[in-house]
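Here is the structure we will look at, set down as structure tokens.
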Amino acid sequence: MRTVKDLPGPAAAPLVGNALQFRRDRLAFLTTCAREHGDAVAFRIGPAALVLLSHPDAVRELLTARQHEVSKGPVLQRARAVLGDGLLTSEGETHRHDRRLLQAAFSRQRVTRYAQEMVDVAADRTASWVPGRALDLHAETVRTTLTVAGRTLFGTRLDDDVALVSAALREVLSVYGLLMLPAARVLLRLPPARRRVRRGTAALDALTARLIAERAEGRGTGDDLLSVLLESTDRRHARDQVVTMLLAGHETTANALAFAGHLLATHPAVQDRVAGEVLGVCGAGGRPSVEDLGRLPLTRATLAEALRLYPPSWAMGRQAQVPTQVGDVEVPTGTVLLASQWVLHRDPRWWPEPGTFDPGRFLTPAPDRPRFAFFPFGGGTRQCIGEAFAWTEGVLTLATILARWRLLAVPGRELTLDPLLTLRPRDGVWIVPAPREAV
Ligand code: HEM
């Protein structure tokens, strides 16, 4: 058995520990930790002790066997300032109760009912693209997924609120850099950060209040998520769940779709194969349906490969609430345990040529690959409630785009990554759309 003090790790500076290295390049820092120091690495951010777990068996143990001994990590704990007691941030009995309550809105049957809306929104959005004119695919997918979340989960049109939600999200995310600093608690209380969070939160609160008021006036459908919330919880709690679903329900899928588009635009031969599958199913300019999902295995594999290479949830934190143990490591109360999708999804032990974009690796079973070598949606009781929603929306939206458009890369516009609460493109994902039948 080892203690945290026995674990190898990068050299730490006095007081700040590894905070500066981490801040400089979070993805590179975690990758270097794992590749140079092994599957359990200790480092410090200020006084906080962190352990990076990079073996799939340890990640499984953390997210399943040990799930009742840990809480969410400090970043999500602090995100409660915005998300309140929503499903992503709540703990214990509140979480168990709410998860049961909300599960029905995300069942396979329900998601199947949402599918038509997902295709229609994507088709309408992409119909306005101009052949040959460069566009930011990320901005487009954000708009699409937010519109879908509004219509399916809340029975409302958020089409005109996209700018508002995106701006609120930006305000809230802008303080993420602070969340990971040792003095986060103090820094977040200082006026500039407080103002930004307050502005973003106020905008989201106003939007949520409007959705709830519309429903109270009898507008919208009666059996969606919003109705369930209003019937079963008080307004304050309903507000927390709505804000959580608005943010968790669109950003991640939008990022995944944008990354998939980037990969296809920069790998035209792969794109031709995926488009071939799509055209075989619904024809040029056609709209796929939920019944087609089983006939789009390569499209689904493409999304999976995008989630592997650019996981929107790039690292997950947990904090030990009692003394516990993961693998052969004794973990004292308060220690933060990290499992990084970015690190595990690019580990050459499980992924030959990990940097290569090859959707084919998801087409055949890989019995030797451990389950938690790939965990874009987390695991255990906190596994993403929206996973089926995300796969359905992701595959159908990608197919709808490819049925109509060929995505061409824009020379000189490289992809840069911004690992905040989610992994997102820093300056958009620029592509030029060309009509499918014209190529
Ligand atoms: C590609 C898209 C998505 C990815 C990669 C993703 C990823 C994740 C991950 C990794 C978690 C676990 C976080 C943790 O344990 O700390 C999570 C939780 C969650 N996700 Fe997703 N998600 C996606 C789409 C969605 C969608 C579409 C929705 C809703 C419509 C959603 C709502 C949630 C909620 C509410 C939770 C908290 C669940 C709980 O703790 O019980 N997500 N997601």
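What follows is calculated from the coordinates using simple rules that are stated; it is not laboratory data. Everything numeric in this text was worked out from a predicted model, so none of it was measured. Cβ sites come from the backbone with ideal geometry, for glycine too, and all protein chains shown count toward neighbours.
Between MET316 and residues 5 or more places away or on another chain, which pairs have amide H atoms under 5 Å apart, with H built 1.01 Å from N, and which residues are they?
Placed amide hydrogens put ALA339, SER340, GLN341 under 5 Å from MET316.
Using a Förster radius of 41 Å, what is the FRET efficiency between SER107 and LEU20 based on their Cβ-Cβ separation? Nearest 0.05, please. Present the calculation step by step, with values, prior to reporting the outcome.
Values: r = 46 Å, r/R0 = 1.12.
Approximately 0.35, to the nearest 0.05.
Report, by chain and number, residues whose modeled amide H sits under 5 Å from the one on TRP430, excluding near sequence neighbours (fewer than 5 apart, same chain).
Counting only residues 5 or more places away or on other chains, the set is LEU137.
Report ³J(HN,Hα) in whole Hz for each residue of the stretch 404-409, in order, from the Karplus equation J = 6.51 cos²θ - 1.76 cosθ + 1.60 where θ = phi - 60°; Gly and Pro get x.
Result, ordered by residue: 10, 10, 9, 9, 10, 6 Hz.
Rounded to the nearest 20 debye, what is the charge dipole size of the chain about its Cα centre when +1 sits on each Lys and Arg Cβ and -1 on each Asp and Glu Cβ?
Charge dipole, the chain, about its Cα centre: 920 debye, nearest 20.
Using each residue's phi in the stretch 344-361, evaluate 6.51 cos²θ - 1.76 cosθ + 1.60 at θ = phi - 60° and report the 3J(HN,Hα) Karplus result to the nearest Hz, with x for Gly and Pro.
Whole-Hz 3J(HN,Hα) from phi for the stretch 344-361: 5, 5, 10, 7, x, 5, 10, 10, x, 6, x, x, 7, 7, 9, x, x, 5.
Relative contact order, percent, of the stretch 2-438 when contacts are C-alpha pairs under 8 Å separated by at least 6 residues?
In percent, rounded to a whole number, it is 26.
Distance from the Cα centre of the stretch 25-69 to that of the stretch 320-354, in angstrom?
Measuring centre to centre over Cα atoms gives 4 Å.
Amide H of GLY17: which non-local residues (sequence gap of 5 or more, or other chain) have their own amide H closer than 5 Å, using H built in the peptide plane?
GLY46
Could you work out the pair-distance distribution P(r) of the stretch 2-438 from its alpha-carbon pairs, with 20 angstrom bin width and percents rounded to whole numbers?
Going from the shortest bin to the longest, the percentages are 25, 58, 17, 0.
Go through the stretch 150-161 residue by residue and turn each phi into a ³J(HN,Hα) via Karplus (6.51, -1.76, 1.60, θ = phi - 60°); whole Hz please, and just put x for glycine and proline.
Values per residue, Gly and Pro as x: x, 6, 7, 8, 10, x, 9, 9, 9, 3, 8, 9 Hz.
With a sphere of radius 15 Å drawn around the Cβ of PRO365, what net charge do the other residues whose Cβ falls strictly inside it have (Lys, Arg +1; Asp, Glu -1)? Each step should come with its number before you reach the end.
Details: positive: ARG300, ARG361, ARG369, ARG371; negative: ASP368.
Result for the neighbourhood of PRO365: +3.
Count charges around ALA81 for me, please; just the other residues with Cβ under 10 Å from its Cβ, Lys/Arg as +1, Asp/Glu as -1.
Net charge in that neighbourhood comes out at +4.
Along the charge dipole of the stretch 1-159, Cβ charges K/R +1 and D/E -1, which of VAL121, LEU153, LEU7 sits furthest on the positive end?
So the residue we want is LEU153.
Between THR356 and GLN67, what is the spin-label point distance in nm, taking each point 7 Å from the Cα along the Cα→C-beta axis?
3.6 nm
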